[in-house]
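The values are calculated or read from the model by the stated rules, or taken from the named source; none is laboratory data. All values derive from a computational prediction rather than experimental measurement. All Cβ positions, glycine included, derive from the backbone under ideal geometry; neighbour counts span all protein chains shown. Protein only, heavy atoms only, side chains kept; ligands, DNA and RNA dropped before computing areas. Shrake-Rupley method; radii C 1.70, N 1.55, O 1.52, S 1.80 Å.
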Amino acid sequence: MSEFSNDNSVFPLVHTHPKNNDLHGRLKKLKQIFYSKFSFYPDVYFRVPGRVNLIGEHIDYCGYSVCPLAIDKDILLAAKAVEAEPFLEITNLDSKYPDCIVPDSNFIIDRQKYGWGAYVLCGIRGALEKIEGKPISLRFAIAGTISPGSGLSSSSAIVSASLLATTYLNKLTLPKTELATMSAICEQYIGTAGGGMDQAIAFCATEGCAKHIEFNPLRTTDVSLPREAVFVIANSLVTKNKAESDDFNTRVVETRLVAQVLANQQLSKANIDEMRIADVQAELDVSLEKMISLVKGTFHEDPYTKEELCRELAITEDELLSKILTPDTRHLSHFHLYHRGLHVVEEAFRVQKWLSADSIQTLGCLMNESHQSLRDLYEASHPSLDRLIKDCQEGGAFGARLTGAGWGGCVVAITTEDNVDNFMESLAKSYYKDYDGDFSQVVFATQPGTGAQIFTSI
């Protein structure tokens, strides 16, 4: 595979109308929903894609690079600025999501109060921090084809669409990379300590290519994939909302502790509580192979207690609770540093190998290794995911792995163009043999799509 640079310094392209007939039809339907709710038409439309991560899971928040691609599943948002109260009204094409009304711009993001609308508020809050003067009032209508809890970044796409719409309507033009960085920060308002991959691919994706995404500063390069490769996404039918569980933030905290223990032992630096594992590697100026050896030589395999961590870091328990642990992880009594740290550095090494791989077979092996590590070291899988992976491998995939946060959601498998139909048929006869829903909505082949788009007419 090869990488080549591209420019992400510009604002997402503004189009007069969509060229894709299916997208055009969906936007027309959203336009009518908007009118039926508000009695006037929207001025502008936004599309933000979901994503599938090919390799590099749970390492973006550790500072390491990843390789996702944008998919054709997306979030659509129709919008209009108005000079009227309330500050915000949101409606959803799917009636199971109730309308949301926010009286003024001094709102508090409350998931219990606003439900799904809290994700919209995250993006608006980030935009308000950039807007000078009084913001305009907003009317939004939203629709999506990304299944919630599927691990394909539905929540991040909503946050990103909301941020993009609010900045655009307030005449604030920002480059893609800044919008992506802002969106990653915005999602933390709802309590998820993510790393920025989802938002980066949402804004910076290039049609026809995967992306190698690096952080601090955020930069992306297009990655060409083997011409014959086809990636198939399959939904395990087990849903997981990472904002409603402490599993995700627990892994983030454990990797922070790995970084802090390594830094405390290997470096003489202040403020090591701000360091991530990739930062420690950069300071030490060592290879990923050396980092793997350091993790294996530094940590014992048994879980660490709070008392042991305090001794390792020479801090009090109060400092551990206030400076390192998040509110939803302070109740934890044990922390798995060896396994979490080993997954991170070995997964980062797999990304490095992925970028230089020259065959589908090699890519498939790396995907299989990634899933095994996510299952055994990171404990982020689920029995249904493992069964689906097995069915993918036995059905002719060169490799398969969970994608997204895990604990449910989707897997991604790699096969070839001439085998994709047989592969999907094998899944229909194995994992989905008792599924009576629309098979095409839970198993589908995908090609690398484009990033966020803006349309001024439908």
Original post:
What FRET efficiency, computed as 1/(1 + (r/R0)^6) with R0 = 25 Å and r the Cβ-Cβ distance, is obtained for ASN21 and THR173, rounded to the nearest 0.05?
Top reply: 0.25
Original post:
Which is farthest toward the positive dipole end of the chain among HIS339, ALA259, SER224, measuring Cα position about the Cα centre, with Cβ charges +1 (Lys, Arg) and -1 (Asp, Glu)?
Top reply: SER224
Original post:
Given charges of +1 on the Cβ of Lys and Arg and -1 on the Cβ of Asp and Glu, with all other atoms neutral, how large is the dipole of the chain about its Cα centre, in debye to the nearest 20?
Top reply: 1160
Original post:
Cα-based Rg (one decimal) and Dmax (whole number) for segment 34-126, in Å?
Top reply: 16.5, 48
**OP:** Report, in debye and to the nearest 20, how large the dipole of segment 93-187 comes out about its Cα centre when Lys and Arg carry +1 and Asp and Glu carry -1 on their Cβ.
**Re:** 100
Original post:
What is the log10 of I(q)/I(0) for the chain, computed with the Debye formula using one identical point scatterer on each Cα and no solvent, at q = 0.06, 0.09, 0.10, 0.14 Å⁻¹?
Top reply: -0.26, -0.59, -0.73, -1.36
**OP:** Excluding residues fewer than 8 places away in the same chain, name every one of the lysines whose C-alpha is closer than 24 Å to that of LYS353.
**Re:** LYS211, LYS290, LYS296, LYS390
**OP:** Check the straight Cα-Cα distances from LYS134 and name the lysines below 18 Å, setting aside those fewer than 8 residues away within the same chain.
**Re:** LYS80, LYS171
**OP:** Quantify, in whole percent, the carbon and sulfur part of the accessible surface of the chain (1.4 Å probe; protein heavy atoms only).
**Re:** 46
Subject >> Highest to lowest packing among 213-226, 406-419, 280-293, scored as the average C-beta count within 10 Å >> reply: 406-419, 213-226, 280-293
Original post:
What is segment 76-121 by shape, rounded, prolate or oblate, if you read a ≥ b ≥ c off the alpha carbon gyration tensor as root eigenvalues and call it rounded for a/c under 1.5, prolate for a/b larger than b/c, and oblate otherwise?
Top reply: oblate
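Give a quick list of trypsin sites (Lys or Arg not before Pro) in segment 54-156 that DSSP marks as loop, anything other than H, G, I, E or B, with at most 11 other Cβ atoms within 10 Å.
On the way: sites: LYS73, LYS80, LYS96, ARG111, LYS113, ARG125, LYS130, ARG139; in loops: LYS96, LYS130.
Passing both the DSSP loop test and the Cβ count: LYS96.
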Original post:
Give me the Kirkwood hydrodynamic radius of segment 139-257 in Å, from all C-alpha pairs, to one decimal place?
Top reply: 16.1
Original post:
If the viscosity is 1.002 mPa s and the temperature 20 °C, what Stokes-Einstein diffusion coefficient in µm²/s follows for segment 315-426 when Rh is the Kirkwood radius over Cα pairs?
Top reply: 135
Original post:
So which lysines can LYS306 reach, going by Cα to Cα under 19 Å and dropping same-chain residues fewer than 8 places off?
Top reply: LYS323
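If I require 18 Å or longer along the helix axis, counting alpha carbons, and a Kyte-Doolittle average no lower than -0.5, what helices from the chain are left? Use full DSSP H segments.
Numbers: long enough: 21-38 (25 Å, -0.82); 154-169 (22 Å, 1.17); 247-266 (28 Å, -0.21); 337-356 (29 Å, -0.23); 360-376 (24 Å, -0.45).
Those that clear 18 Å and a mean of -0.5 are 154-169, 247-266, 337-356, 360-376.
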